[in-house]
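Written below as structure tokens is the structure these notes are about.
Only the coordinates and a few stated rules stand behind these numbers; no lab work does. Predicted model only: the values in this text are computed from it and were never measured. Positions of Cβ are generated from backbone atoms using ideal geometry, with glycine treated the same way; all protein chains shown enter the neighbour counts.
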Amino acid sequence: MRSRRFIAPSAALWLLAAALYFFLPLVATLLFSLKSNATGKCCTIASYSWVIHNGDFWHTIKISFLLALETIVISLLLFVPTIYWVHLKVPRLRPVIAFLALIPFVVPPIVMVVGLLNLYRGAPSWFYAQPWGFLVAAYVILAFPYMFFSLDAGFRSIDVHTLTEASQSLGASWATTLVKVILPNIRAAALAGSFLALAIVMGEFTIANLSAFHTFPLFLQYVNETQAYPAAALTLMSFAITWAAMLSLLFVGRKRGARGAVVTGAR
Amino acid sequence: MPFFAYTILFLFLPAGEVMLGAFKSVHGGYTMDNVRQLFHQPYLNAYKTSIEISAVTAVLGGLAGLAVAYAAIRERTPRWIRSVLTTFSGVAANFGGIPLAMAFVATLGTIGIATQFMQNQLHLNVWQGYQLFTKTGVEIVYMYFQLPLMILVIAPAIDGLRREWREAAANLGASPWQFWRYVGLPVLMPSILGAMILLFGNAFAAYATAYSLTSGTVPIVPILIGAYYQGNVLDNPHLAQALAFGMFVVLAVMMIVYVPLQRRAARWAK
């Protein structure tokens, strides 16, 4: 009977195969990134130093990061009061918004960008020609489902009515209630949504490519086409950004037992 | 509410623009010509390729993901394996697009590490590396995000298979095969099909990965749409909208199948 304590052989086989398939590309990319550009032999960190000393790398990563911050700020300003108001006053509207949050799954980025480009071609150039306008407008929509589901879960876990009544009977205004009472209570949910938005914006290629804004993923693609070994180094750095965002998300959500989420924007 | 104004401006109006634009002609006025064109080459072929890649990776990724998830959850597998697998799947399912394509070029491309290893150390010539830039290659790369997504989606459904059912079946004299044939699979089936539809949509909407991997030589629909906005190829802007409209129709049909499946799957949820 001793053998019954151990893992079934077929289960071990499947798990091993999965682990191999997951890790092989990562290990290969690491080995690839350590090869020398001139000789194609291992091992040198020249590729990493090429990336670090590349001005475009810092420039585009800064743009993408600022775009992510802007997306997060606008999303929070837009969605927190709305979801608060829906939970407090019109719970009937909740399914409607939940349904709206599913639309970005049926209308993928490649379809959305076609509509946006055609619709806003004639818009003023401060909006249409600037990533801070056009791109962020699209990214807020991409982030909407993730922000909504994470904020909605946050609001459901607190007693919105009691908190609001207590705050208002002590003389607080709506704004004070929202900022000083509600916000601290949904901080974990807001952070989780923000990390998801960060991961989306840092990896989004489709919309940026079709509207020709030079963000970090476009720089990555440019290096892919021109420099094989530095591209591998850059790829690992980009994976590290995704890792960091997803692991922070798990860390923030651990208290509520939340699992990871899947961001479809980067495909 | 500013929220509703925002969704109208940046969600409904663009979606409406695609739908209306698909039926507009270059001279103004409405026409079915653009949509009719979709049923001719090369567009018909693009839809076929897109649907084929999505279906193959959804079914294979779905089956493999199911097997891996079950291997991690079944009795006798240590508990920690499951939490490691879910955490890792959560991250791996988000690896996509440009970096993923590059990682596979470094692994299975012509000078990739695995390709070189097979050729120089094992003297195997089954994989030359150029295959990575064909349809098969795109499918192999897509599996990298399809598999973990399946694991994430199907794990809760496998949890729902109660231990008592298996014990009851065994007490009544059922073999493990009979348990799966008459209890396990029928209960899991709606969840499996629903998850595969999600996987299909996931692959169908993908653009960056295939674009970066094949630089446009595998003609899937998103790449044709992208080619139009990057300059040339099409002279009729409404054709791009018609192509996008076609994608929307395929995904909407998938959603319509998905919703009742989801409802059925929820029946056995704890």
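Net charge within 15 Å of B:Gln116 by Cβ-Cβ distance, Lys/Arg positive one each and Asp/Glu negative one each, not counting B:Gln116 itself?
+2
Between A:Ala19 and A:Leu170, take the C-beta separation as r, use R0 = 60 Å, and let me know the FRET efficiency to the nearest 0.05.
In this case the efficiency is close to 0.60.
Using only helices, what value at 222 nm comes out for chain A when you add -39,500 (n - 2.57) per DSSP H run of length 4 or more and divide by the total residues, to the nearest 500 deg cm²/dmol?
Here the helix-only value at 222 nm equals -22000 deg cm²/dmol.
Quantify how strongly other chains surround peptide A:203-210 by giving the mean number of their Cβ atoms within 10 Å of each of its Cβ atoms.
6
Counting alpha carbon pairs within less than 8 Å and at least 6 residues apart, what relative contact order, in whole percent, applies to chain B?
Computed value for chain B: 31 percent relative contact order.
Excluding A:Val86 itself, calculate the net charge of residues whose Cβ lies under 14 Å from the Cβ of A:Val86, where each Lys or Arg counts +1 and each Asp or Glu counts -1.
Neighbour charge sum, excluding A:Val86 itself: +3.
I need the phi-derived Karplus couplings for the range A:97-105: 6.51 cos²θ - 1.76 cosθ + 1.60, θ = phi - 60°, integer Hz, Gly and Pro marked x.
Each residue of the range A:97-105 in turn: 5, 4, 5, 4, 5, 8, 4, x, 6 Hz.
Using alpha carbons only, how many degrees (0 to 90, rounded to 10) separate the axis of helix A:228-253 from the longest principal axis of chain A?
Between helix and principal axis, roughly 30 degrees.
How big is D for chain A, in µm² s⁻¹ as a whole number, if Stokes-Einstein is applied with the Kirkwood radius of its Cα pairs at 10 °C and 1.306 mPa s?
Here the translational diffusion coefficient equals 74 µm²/s.
Would the range B:113-270 count as rounded, prolate or oblate if I go by the C-alpha gyration tensor, calling it rounded below 1.5 in a/c and otherwise prolate when a/b exceeds b/c, oblate otherwise?
In terms of gyration-tensor shape, oblate.
Please work out whether the range B:92-161 counts as rounded, prolate or oblate from its C-alpha gyration tensor, where a ≥ b ≥ c are the square roots of the eigenvalues and a/c under 1.5 means rounded, while otherwise a/b larger than b/c means prolate and anything else oblate?
Verdict is prolate for the range B:92-161.
Cα extents of the protein assembly as shown along the three principal axes, largest first, in whole Å?
Rounded to whole Å, the extents work out to 68, 61, 51 Å.
With each pseudo-label sitting 7 Å past Cα toward Cβ, what's the A:Asn185-A:Asp159 distance in nm, one decimal?
With each label point 7 Å from Cα toward Cβ, the separation is 0.9 nm.
With the Cα gyration tensor of chain B giving a ≥ b ≥ c as the square roots of its eigenvalues, does the rule (a/c under 1.5 for rounded; else a/b larger than b/c for prolate; else oblate) give rounded, prolate or oblate?
In terms of gyration-tensor shape, oblate.
What chymotrypsin sites (Phe, Trp or Tyr not before Pro) in the range B:63-157 are in a loop by DSSP, with at most 16 other Cβ atoms within 10 Å of the Cβ?
Here the sparse-neighbourhood loop sites are B:Trp127.
Per DSSP H run of at least 4 residues, take -39500 (n - 2.57); add these up for chain B, divide by its residues and hand me the 222 nm value, nearest 500 deg cm²/dmol.
Calculated at 222 nm, the ellipticity per residue is -22500 deg cm²/dmol.
Roughly how tilted is helix A:9-33, in degrees to the nearest 10 and between 0 and 90, from the longest Cα axis of chain A?
Helix A:9-33 sits roughly 70 degrees off the main axis of chain A.
Kindly provide the trypsin sites (Lys or Arg not before Pro) of the range A:14-70 that DSSP labels as loop, not H, G, I, E or B, and whose Cβ sees at most 14 other Cβ atoms within 10 Å.
Counting only loop positions with at most 14 other Cβ atoms within 10 Å, the trypsin sites (Lys or Arg not before Pro) in the range A:14-70 are A:Lys41.
Pairs of lysine in the protein assembly as shown with Cα under 24 Å and at least 8 positions apart or on different chains: total?
The number of close lysine pairs in the protein assembly as shown is 4.
How are the alpha carbon pair distances in the range A:170-249 distributed across 10 Å bins from zero to the largest one, expressed in percent?
For the range A:170-249, the pair-distance distribution reads 16, 31, 24, 15, 9, 3, 0.
Normalised by the number of residues in the range B:127-270, what is the relative contact order in percent for Cα pairs under 8 Å and 6+ residues apart?
Once normalised by length, the contact order is 33 percent.
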